[in-house]
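Colleague: Structure below; questions to follow.
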Amino acid sequence: MLYRVDQQKEPYDEDVITCQTHCALFDKKTSKCGFFNNEVPNDPFYTAGCSQFLSEKEWDEFSDSVLLNESDESQTKLLYPLQPDQNVDYNAVWYVSPDQTFGCWIISLSKKNKFMALNQKETIIGWHDEVYKSPFPLHDHGLISYKASTVAWVIDEHGFGQYALVENGELHLFHP
């Protein structure tokens, strides 16, 4: 659309897009741009040159998608620890503690011993208090953020388990 430009002070009709009439960033109270914090003329040519123009429709679509993402995240947070909020690149099984306060992946690196007996009366401690022979963790890893679903109880060839973060297919051992 082309419009004639002259020095008239009459406002443009409602179909003409200007910052004052169609931009979500325009503050009607102060008559200023919410982004640049300057006064804005009711002029379509000024609007056409604005690098930050955001139509009400674009803003509504954006804010709706943000709300959907936030509700998806809150739903996901409700699933943990009963279900992970993300998968890992390993052959792993999701484990939830008996009291349902934490969860983690179980990854066995042992080629020979895929199953472990639980008939021992005492836990055999390894080279650290939080490394011990057990097919599942006996203590909480303590992560409650989005990283909680990337934690795994990793069991080595000798049956000793310890926590690790699984990131980009790699295991990063840690002691909570």
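The values are calculated or read from the model by the stated rules, or taken from the named source; none is laboratory data. Remember, it's a predicted structure, so these values are computed and weren't measured experimentally. Virtual Cβ from ideal backbone geometry, glycine too; neighbours counted across all protein chains shown. These accessible areas exclude ligands, DNA and RNA; they are computed on the full protein's heavy atoms, side chains included. Shrake-Rupley method; radii C 1.70, N 1.55, O 1.52, S 1.80 Å.
Colleague: Express in nm, to one decimal, how much length is gained between ILE144 and TYR46 on full extension, taking 0.36 nm for each residue of separation and deducting their alpha carbon distance.
Modeller: In short, 30.4 nm is gained.
Colleague: By how many nm would the segment from SER55 to HIS175 lengthen if fully extended, with 0.36 nm per residue of separation less the alpha-carbon distance?
Modeller: In short, 38.2 nm is gained.
Colleague: Where in segment 130-147 does the label zone of LEU109 land, with the point 7 angstrom along Cα→C-beta and an amide N cut-off under 17 Å?
Modeller: Only 130-137 fall inside the zone, counting backbone N under 17 Å.
Colleague: Sticking with this one: Of LYS32, LYS112, which has the most accessible area and how do the rest follow, probe 1.4 Å?
Modeller: The most accessible residue leads, giving LYS112, LYS32.
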